[in-house]
Structures are given as C-alpha cells and as structure tokens.
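Below is one structure; the comments refer to it alone.
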Amino acid sequence: MSAATPLLAIKLLHTAVWAVFASAVLAIPVAAWCGAWGWAFGLIALVAGEVLVLLVNRMRCPLTDLAARYTDERQPNFDICLPRWLAQHNQRIFGTLYGLGLVWTAVLWLARP
C-alpha cells in the first residue's frame, strides 16, 4: 500500500469532520433565530469541544499531524479537500462566524419573552 492511500483516507475524513463543524457553526444562528434553544446550545457545545481539541493541540487539528506522516507537502490544504485559500483562512473565518453566532444567540436568548 502506498502512502497515498492513507493520506487520501485522512483527507476525506478531515473534510467530513470539517463539514460537520462548519455546518454546526452556520446552523447556530439559524437555530437561535428559530428559538430551537436545545439545538443552538448543543451546536455551541459541539463546536466548543472542537475548539478545546484545537487549543490542546496548539491550534492544529490532530488529523493534520497524522496526515503529515504520509507526505512532505505542507500547503495549507495538504491534509484536507478544501481550496487553498479556505484552508489557509479557515480558523479565522469560522472562528469569527462562531463568535458572531454566540453573540447573536445570547442577544436572542436574553430578548426572549
């Protein structure tokens, strides 16, 4: 088995995990807007868990370190099936959206009747 096989498997897994968390970040303000507080707070907790994993791992996904074992490539998207620009700015983009979603959820929670 060549190194390309496990690297591809890691890239696909990493992309699937990213899609779950990116979707969760985007769904938080929608859930809050709909008053689905259980969903909103569950999604917030899910993403907070991912943030904790990143903090423990020096702001790197553990799958990135795993993928690095199979290639010398170090482009921002060497370990995930995303465009380079998105992989490069992923934490900044989704961190900002997560923060805004938290503020939006808090405002709606405090304004509820």
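The values are calculated or read from the model by the stated rules, or taken from the named source; none is laboratory data. Keep in mind it's a predicted model, so treat the numbers as computed, not measured. Cβ atoms come from the backbone with ideal geometry, glycine included; neighbour counts cover every protein chain shown. Heads up: the accessible areas ignore ligands, DNA and RNA and are worked out on the full protein's heavy atoms, side chains in. Shrake-Rupley method; radii C 1.70, N 1.55, O 1.52, S 1.80 Å.
Remarks
- More than 12 angstrom apart: percent of Cα pairs within segment 1-63: 72 percent
- Whole-Å semi-axes of the chain's equivalent ellipsoid (Cα gyration tensor): 32, 12, 11
- Distance (nanometres) between label positions extended 7 Å along Cα→Cβ at L26 and L8: 2.7 nm
- Value at 222 nm in deg cm²/dmol, rounded to 500, when DSSP H runs of n ≥ 4 in the chain each add -39,500 (n - 2.57): -26000 deg cm²/dmol
- Dipole size of the chain about its Cα centre, with +1 on Lys/Arg Cβ and -1 on Asp/Glu Cβ: approximately 140 debye, rounded to the nearest 20.
- Principal-axis tilt of helix 4-33 within the chain, Cα atoms, nearest 10 degrees: 10 degrees
- Calculated FRET value between V56 and C34, using beta carbons and R₀ = 41 Å, to 0.05: 0.80
- Two-site label geometry, T71 and W85: point separation in nm, points 7 Å out along Cα→Cβ: 2.1 nm
- Å² per residue, accessible surface of the chain at 1.4 Å: 63 Å²
- Helix axis angle, 37-56 relative to the chain longest principal axis, alpha carbon, degrees: 40 degrees
- Between helix 84-111 and the chain there is an angle of about 20 degrees, using the helix long axis and the longest principal axis of the Cα atoms.
- Entry note, the chain: relative contact order of 39 percent, from Cα contacts under 8 Å with a spacing of 6+ residues.
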